[in-house]
Structure formats: C-alpha cells, structure tokens
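Peer 1: This is the structure I want to talk about, given as structure tokens.
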Amino acid sequence: ALSMFGTTIGLYGIPWCEKSLLLTVLMSVIGASMGILDTGGNVLALNTWGAEAGPHMQALHFSFAVGAFVAPILAKMALGGSKPQDLPAAEHTNQSVWRPVPAAPAASAASALKQHLGADFLWSYVVIGTYLLFVSFFFFILYSKGNSAQDKSKAALQKGMFAKYHYALITLLFIFFLFYVGAEVTYGSYIFTYAKVFAEMKENEAAALNSVFWGAFAACRGVAIFCAACLYPGTMILLSIIGSALSSVCLAFFTRYPATLWVGTAVYGASMATIFPSGISWIEQYTVVQGKSASLFVIGAALGEMCIPATVGYLQGRFHRVPVVMYTALMTSAMTLVLFPLMYKLATSPAESDLKEMSESEDRKALLSNSGLNEDEEDEEDVGEWNEADFEVIEMNDTLRNSVIETSRKIPGDSAATGALQPPLDDVLCDSPAVAGGSPGRKTVNVGREKND
C-alpha cells in the first residue's frame, strides 16, 4: 500500500515538474516504491498461499509481462495522437527543435514541452496515478482488517524450517536472478537495434521482432498460471533454462537465417518467462523466504537489469561487428544452466536435525534387534543347560536303583529284607535334594518342556 501510494505521488508530480532536481527526486521516489512493491508482493503471495503459491506467483508476474507489452503501445498511441499540427517548418528539419530553448525562461520551456507533447500524454500520468491510488486504498483496507496474531503464529511455525545451506542458497539464487533478469532486459532492449544493424531489417520488421519477444514472454506467463497447478516449480525452471540454452545457441550461431532469428526470439522469450516466479516458489519449498531474502532476490534482479545492459552497450560500441547481444544471451543461459543443479544439490541435502533423527532411529532399531537376538540366545542356552541337568538326574537315579537291586540280590535273606530295605530307598530317592518335588531337577524338566512346547 505504501509503495503504490509513493508511486502515485511521483506520477502526480511529474507532469507539472519544471526543475530537473525535482524531477530526479520524483523519479527516485517511483523507483524506490517499485522496488518495495517487487519485494513485498512476492513475500505477500508466499505468506498468503504458502505451498500453493505457484499459480498465484505466476499470475502476479504475468501482470508485469502484460504491462510491459501493453504500455509501450499505449504510450506510442498517446504520443502519436498528441503530435502538434502547427509546428514551424524549421522544426521538421534535422536541426534540434530545442536549440533556442536554453535562452528562454523555464516557464516558457515547460509550456513549450506541454504544447509539444499535448495534454493527453501529460494527463496519462494522472490517470495511472489515480488508478494506483485506488489500489493503494484497497491494500490499506486489507491491512486494517488483517489478523496480526495469525501472522505471528505463522511466523512462529516457520521458525526452524531453514535449510541446512540457507545462506548459500540465498546467495546462489541472488546470482541466478542477476544473470537471468539481466539477460531478459538486455535482449528486450537491444533486439530492435540488432535486427536493424546485423539482420538489416526494416524499422517496422525490427519492431515486430521486438513485439514477438515480449508477446511470447507475456503469453507463456499466462499459460504458466495453469501449468503451475500440475507441475513442480523445479520442473518448470529446468524446462525454461533448457529452452533458453537451446534458443540462445541458435541465436548466437545461426542468425544468418531469418527464420532462425524469428523462431529463436519467440522461444527465448517464452523460456525466460517463468524463471523468476518459479524460482521464488521453488526456494520456498526448501527454506523460509522472509522479507530480507526476497529483498536480496529483487536487488540481484535490479543489479542485473542495471549492469548487464550497460556492459553490453559499452562492448557493442567497441566491437561493432560482433553480436554481443547474442553472445551475452548464450553466456547467461550457460550460467543459469550451471547454477540451478548446484542449488538443487544444496537444497535437497538433509539438515542436521534430520540426520540426527535418522541416526537415532537406526540406533533404536539396532538395539531392539540385538536385544531380541540376545533373549533368544539366552533362552536357547538355558534350555540346553536344563536338558543337560535333566539327563544327569535321570542317569543318577538309574545308577542308584541298579546298585541297590544288585546289592539286595547278593545279600542272602528273604524278601522281607528286600521289603524292609525298599521303603527307605524310596524315601531316600524321593527326599533327596536332587529329585524332591521342589527340586531344581524336576522344575527344570517341566520348564524345559514348556520352553520346547
């Protein structure tokens, strides 16, 4: 809400600005406000829809693509409709129209500018500013009705969800967006000049080629809204960087064929369309994307938008016969093709807490399995010892009975003697510690049979 309110102030002030310093301040306010909007809009979409933010993120950036495609057309219509009819004949020559202006007062210069551009073009700033003002009020209303407690609870739940290489991922994605946005803006800015100088196209054909790039860019972002509902963000990024790499190779080495230039431009624009929103949705799956992280993404994109086109313009001015624009597209595509697998490797590496839980679960399973084996081994050893004790007791009983019978046969006497000796023998056998009812031997036999059963 604040960013769009600041943009409204800048747009309201520009048509009536008569000082260069004030114009610089107003343009700076608009630039800062748009930077805040880029950062806050992405974070707001992630906080609102969470893991389901893919289609909404694509729709958010689709609106940007539509604006980039439609705004130049509307501006050209406004400029064409406001072309003055009563300009002096000297102004239609190659001489500068504004040569006598520095000697005139500032007020007359501003009035001459307004008369030259027309009221329709100047009032377009006011119309767009009013539109943004209404949208800003809607966001203020949403903010006043928001639930701060819910936001705090959501932020508390998101704590501890950082990836193991969180800062490395943020840095690599910062570099990734720098190259991607720099390549996108560079190609969209210089393809018109490239078509006229290198491809020797007419001005209307070069403008059509530029429209093909931005039209494919906007159309693919519109299609990506529906594709994001059934495709993972990583899959969309992979398809996009492969398409941009193949199309940039064709543009760098096969542009002598006109068909290759047209098809390669369309494929390159379509491939570049989904990378930025898919990149933010992709990183949100593995780590927490907060305001600071999103601001770094926007800063990286802004640095690429500022530095790469300026570098390409400088090199193209030094090397007139070298297609620096196409080689830049190829180089940036190669960089994104290398950076994404590296980011994926870091993002999918398990965190320390996950490794600790895995090790604890493995140790727990190992302890349980070892304890089960030890119990079985102890049971088998006990059963073996008890069986050996049983056989020893049985053998001792048989030996004792046989010895008593042989002794009774050797001693002469009647059967009364044997009968007299038998009860004590039975008493001895029954009362002996080895075979008593509570003895270990008989208990061992019973327990051993139960164990064996």
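The values are calculated or read from the model by the stated rules, or taken from the named source; none is laboratory data. Here the structure is a predicted model, which means the values were calculated and not measured. Positions of Cβ are generated from backbone atoms using ideal geometry, with glycine treated the same way; all protein chains shown enter the neighbour counts. Remember, those area values only see protein heavy atoms, side chains included, never the ligands or the DNA or RNA. Shrake-Rupley method; radii C 1.70, N 1.55, O 1.52, S 1.80 Å.
Peer 1: Quick one: how many Å² of E203 are accessible to a 1.4 Å probe, rounded to 10?
Peer 2: For E203, the solvent-accessible surface is approximately 120 Å².
Peer 1: Okay, moving on. How large is the accessible surface of Y344 in square angstrom, using a 1.4 angstrom probe and rounding to the nearest 10?
Peer 2: Answer for Y344: close to 110 Å² accessible.
Peer 1: Apply the Karplus parameterisation 6.51 cos²θ - 1.76 cosθ + 1.60, with θ equal to phi minus 60°, to every residue of the stretch 50-56 and state each ³J(HN,Hα) to the nearest whole Hz, in sequence, with x for glycine and proline.
Peer 2: Here the 3J(HN,Hα) series is x, 5, 9, 7, x, x, 5 Hz.
Peer 1: Still on this structure: In whole Å, what are the Cα extents of the stretch 163-349 along the three principal axes, biggest one first?
Peer 2: 52, 36, 25
Peer 1: So what is the accessible area of the stretch 1-45 per residue, in Å², with the probe set to 1.4 Å?
Peer 2: Values: 2450 Å² over 45 residues.
Averaged over the residues of the stretch 1-45, the accessible area is 54 Å².
Peer 1: Amide H of A163 versus every other amide H placed in the peptide plane: which residues, excluding those fewer than 5 positions away on the same chain, fall under 5 Å?
Peer 2: Counting only residues 5 or more places away or on other chains, the set is V288.
Peer 1: Another question, then. What list of ³J(HN,Hα) couplings, whole Hz, do you get for the stretch 7-23 from phi and the Karplus terms 6.51, -1.76, 1.60, once you set θ to phi - 60° and write x for glycine and proline?
Peer 2: 5, 4, 4, x, 5, 5, x, 4, x, 9, 7, 10, 10, 5, 5, 5, 4
Peer 1: Alpha carbon centre of the stretch 42-70 versus the stretch 160-207: separation in Å?
Peer 2: Measuring centre to centre over Cα atoms gives 19 Å.
Peer 1: Also, I was wondering about something else. Where does each of 321-333, 304-316 land if you order them by average Cβ count within 10 Å, highest first?
Peer 2: On the way: 321-333: 20.0, 304-316: 16.8.
Final packing ranking: 321-333, 304-316.
Peer 1: Using a 1.4 Å probe and ignoring any ligands, DNA or RNA, find the accessible area of W282 and quote it in Å² to the nearest 10.
Peer 2: Using a 1.4 Å probe on the heavy atoms, I get roughly 0 Å².
Peer 1: Listed highest first by mean packing, meaning other Cβ atoms within 10 Å per residue, what order do 220-227, 245-252 come in?
Peer 2: Numbers: 220-227: 18.8, 245-252: 20.4.
Sorting 220-227, 245-252 by mean packing, highest first, produces 245-252, 220-227.
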